[in-house]
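The values are calculated or read from the model by the stated rules, or taken from the named source; none is laboratory data. If you're wondering where the values come from, they're calculated on a predicted model, not measured in any experiment. Because the Cβ atoms are built from the backbone with ideal geometry, glycine has one as well, and the counts that use them run over all protein chains shown.
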Amino acid sequence: MDVLLRDRQGARPRVLREPARGERPRPQEHGCHSRAHHRRRPARGRGVSDLYVAAGGGGDPLGTLIAARTVTAVPERALIATYAWERPEVDPTHGPLGEEHFTGLVRDAGGAAAFTPDTRARRPAGSTLPALARDLPARLLLLDPSRGLQALAGQIGAVAAATGGRIRIVDIGGDILTHGDEPGLCSPFGDALTLAACHLTGLPTTVHVAGPGLDGEIDERSLLGRLAGCHPLTPGAAAVSAAGRALAWHPSEASALWAAAVLGARGTVRAVSHTLELTESSPGLYPLPLAEAIGHNPVARALLDERPATLQEAADLSHRLTGIHGLAPEHARAPRQDRPAGGIAFLDRDTAVKALHEAAGGAGHVTLRFAARALGLDWTDIPALRRLLGCDTPLLPLP
């Protein structure tokens, strides 16, 4: 698992802010009960590109890039559409950001808004997506659900039709296959909205579940049951390396856990809100047809049945079915320690390692987000914490 995660000359990452349809039908891809998915898709003609949709926003573009490098036989600059929907420590506002929340967006395929390293989020919003546009070999497009389900479907359909490929939804962890009643479920709305919108495009779509159970919302055993008959691909180290610069600083846990599993990490891991096991199933990338995924997800089915006109109505529907309102502010589920006097510059390695051992409860690894919180640090301290602890892998091993 020695894949170097390079940060940019030790630079401290920051939340970037602003300163004071058409398509000729393609053959349907095989589903869970075909072994075709053991083989990667061959390279296709110039100008044809699949559209990868990072189902849940946040750090999902990192895992989506790893998935794209796994599905595609020849490396290419993946086209990834994502919500600007992040955790409160990154974005103190709540709910997904739209075009009006950014400056410096540019137009890409199908008229979609795309991020560049010069894009900025308008205060008080924050976003890691401009920095991901800098550090990921991908074109990152903004999915803006603010005008409702039909408009979101229009955005996705326009991009996919313009690029001539199929749609590939990537979900890290597998909560996209929720039945709505799992005890650990906390964020079903965005995934359900993605499923419903992609269905409404009428374009060929495959769902890829990466690292079942790694987001801590549905246990691995339940998900593997729902994925029975699906034959997973396993990414290689090169796919993880493609995301290495971003993994070095991004606070994503699910994508980092999947990357670590791909590189061989196994055993107990402590994350911010849960403890989990990395197993031999953790590295898998499981493809299934869109209809199968919707068949599992009651919120997606209800969205398609009721066709709510606004995002708020769609979120209310999700709340009615699951008890979880997709647009409500996220509340911290784990305590945060006081920041050390003087910050990380005055923290020594032995003190940090001892504190992390005590906080980890016997786990052999911790996520870097967990480590930062346990030490009273901010997520933007992750690169400095890596240097202090000599860590260049997706997770921090505890000796």
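If only residues of the stretch 80-124 that are touching a helix residue (DSSP H, G or I) at 6+ places or on another chain (Cβ under 8 Å) and among the aromatic types (Phe, Trp, Tyr) are counted, the one that is farthest from Leu140 (Cα to Cα) is Trp85. Checking each residue in the stretch 187-220 for being in contact with a strand residue (DSSP E or B) (Cβ under 9 Å, 6 or more places away or on another chain), part of a loop (DSSP other than H, G, I, E, B) and within 25 Å of Thr310 (Cβ to Cβ) picks out only Leu203.
Residue count for the stretch 168-186 satisfying the condition of being modelled with pLDDT under 95 and buried (at least 20 other Cβ atoms within 10 Å of the Cβ): 0. Could you list all residues from the stretch 98-109 that are buried (at least 19 other Cβ atoms within 10 Å of the Cβ) and either touching a Phe, Trp or Tyr at 6+ places or on another chain (Cβ under 9 Å) or not charged (D, E, K, R) (or both)? Listed by number, the residues that qualify are His101, Phe102, Leu105, Ala109.
Yes/no per residue for (1) touching a helix residue (DSSP H, G or I) at 6+ places or on another chain (Cβ under 9 Å); (2) polar (S, T, N, Q); (3) more than 20 Å from Val71 (Cβ to Cβ):
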{"position": "Gly211", "(1), (2), (3)": "yes, no, no"}
{"position": "Leu224", "(1), (2), (3)": "no, no, yes"}
{"position": "Ala239", "(1), (2), (3)": "yes, no, no"}
{"position": "His250", "(1), (2), (3)": "yes, no, yes"}
{"position": "Ala271", "(1), (2), (3)": "yes, no, yes"}
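Gly184 passes every criterion in (1) assigned to a loop (DSSP other than H, G, I, E, B); (2) touching a Phe, Trp or Tyr at 6+ places or on another chain (Cβ under 8 Å); (3) not aromatic (Phe, Trp, Tyr) apart from (2). Of the residues screened, Ala243 is one that is out of contact with any Asp or Glu (no Cβ under 8 Å at 6 or more places or on another chain) and under 30 Å from Gly390 (Cα atoms). Every residue in the stretch 233-283 that is closer than 24 Å to Glu358 by Cα and assigned to a helix (DSSP H, G or I), please. Residues satisfying the conditions are Ala254, Ala256, Leu257, Ala260, Ala261.
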